[in-house]
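Asks: Got a structure here, written out as structure tokens. Questions coming.
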Amino acid sequence: MSNLWQRFDSIAKPEEVQEAKSSFTPVPAGRYTMRLEEAIAGESQNTGLPMAKYKFRIPATNRIVFFNQLLQGNEPKFTIINVTQAVKFLEGLTGEEIDFVGLAQLAGIIESLPIGEEYEIELTYAEKDLEQKYPKLKVIPKRDIVTSEEDIPF
């Protein structure tokens with residue numbers, strides 16, 4: 001005879017629970033190969049301001065890393081810094097220099113990123129982010145990736 005829990009065994013798929021679980025446990029700072037699973041030029045749920053939203057997966061551990069960049073800050077100076085950081089991150093993903101002309105241009109680049117592409121990424125946290133809730137990501141350029149002893153410059 002089945003109990004109540006057995007009858008509801010299919011309400012949550014194991015892979016969905018694993019993905020949700022990984023979003024609550026911070027990925028340790030370090031360098032990882034990450035696969036881009038989602039790139040959205042969207043808006044902040046709290047403020048409605050422009051936000052770049054990325055979802056990466058670390059194939060080696062199957063861990064999920066969410067990376068969000070709010071583009072507009074409280075002051076013009078912070079907005080410029082935020083937009084510059086978003087441009088630099090996109091340059092890392094595309095491997096090309098971006099001549100910034102506006103946010104609509106960045107939205108187009110974000111939406112055109114190849115889903116499934118893998119990148120070498122350095123993951124860090126701000127010193128004040130003690131709970132490690134907000135990862136900072138930096139794409140390692142392909143020219144800086146050492147794959148064998150032959151690749152080490154003298």
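Asks: Are any residues in region 34-47 open to solvent by 40 Å² or more (accessible area, probe 1.4 Å) and more than 17 Å from Gln85 (Cα to Cα), and if so, which ones?
Replies: Correct list: Arg35, Glu37, Glu38, Gln45, Asn46, Thr47.
Asks: Another one. Checking Leu130 against (1) in contact with a strand residue (DSSP E or B) (Cβ under 6 Å, 6 or more places away or on another chain); (2) more than 25 Å from Gln72 (Cβ to Cβ); (3) outside any strand (DSSP E or B), only one condition comes out false. Which one?
Replies: All conditions are met except number (1).
Asks: If you check Gln69 against the conditions, is it within 20 Å of the chain's Cα centre (by Cα), assigned to a helix (DSSP H, G or I), under 21 Å from Gln132 (Cα atoms) and not β-branched (Val, Ile, Thr)? Even if it seems obvious, please write down each step before you answer.
Replies: Values: within 20 Å of the chain's Cα centre (by Cα): yes; assigned to a helix (DSSP H, G or I): no; under 21 Å from Gln132 (Cα atoms): yes; not β-branched (Val, Ile, Thr): yes.
In short, no.
Asks: Something else: In region 134-154, which residue that is part of a loop (DSSP other than H, G, I, E, B) and within 23 Å of Leu90 (Cβ to Cβ) is modelled with the highest pLDDT?
Replies: Looking at the filtered set, the residue picked out is Ile140.
Asks: Can you confirm whether Asn74 is modelled with pLDDT under 95, in contact with a Gly (Cβ under 6 Å, 6 or more places away or on another chain) and among the polar types (S, T, N, Q)? Don't jump to the end; show me each part of the working.
Replies: Details: modelled with pLDDT under 95: yes; in contact with a Gly (Cβ under 6 Å, 6 or more places away or on another chain): no; among the polar types (S, T, N, Q): yes.
Spelling it out, it is not the case that Asn74 is modelled with pLDDT under 95, in contact with a Gly (Cβ under 6 Å, 6 or more places away or on another chain) and among the polar types (S, T, N, Q).
Asks: Separate question: Would it be correct to say that Arg31 is outside any helix (DSSP H, G or I), more than 18 Å from Tyr134 (Cβ to Cβ), in contact (Cβ under 8 Å) with a residue 24 or more places away in the chain and open to solvent by 30 Å² or more (accessible area, probe 1.4 Å)? Step through it out loud before you land on a result.
Replies: Values: outside any helix (DSSP H, G or I): yes; more than 18 Å from Tyr134 (Cβ to Cβ): yes; in contact (Cβ under 8 Å) with a residue 24 or more places away in the chain: yes; open to solvent by 30 Å² or more (accessible area, probe 1.4 Å): yes.
It is true that Arg31 is outside any helix (DSSP H, G or I), more than 18 Å from Tyr134 (Cβ to Cβ), in contact (Cβ under 8 Å) with a residue 24 or more places away in the chain and open to solvent by 30 Å² or more (accessible area, probe 1.4 Å).
Asks: Continuing with the same structure: Among the residues of region 101-115, count how many are open to solvent by 40 Å² or more (accessible area, probe 1.4 Å) and within 21 Å of Arg57 (Cβ to Cβ).
Replies: 4
Asks: Restricting attention to region 74-82, does a residue exist that is touching a helix residue (DSSP H, G or I) at 6+ places or on another chain (Cβ under 9 Å) and open to solvent by less than 60 Å² (accessible area, probe 1.4 Å)?
Replies: No, there is no match, as no residue in region 74-82 is touching a helix residue (DSSP H, G or I) at 6+ places or on another chain (Cβ under 9 Å) and open to solvent by less than 60 Å² (accessible area, probe 1.4 Å).
The values are calculated or read from the model by the stated rules, or taken from the named source; none is laboratory data. Bear in mind the structure is a predicted one, so any value in this text is a computation, not a measurement. All Cβ positions, glycine included, derive from the backbone under ideal geometry; neighbour counts span all protein chains shown. Areas reflect the complete protein model, heavy atoms only, side chains present, ligands, DNA and RNA absent. Shrake-Rupley method; radii C 1.70, N 1.55, O 1.52, S 1.80 Å.
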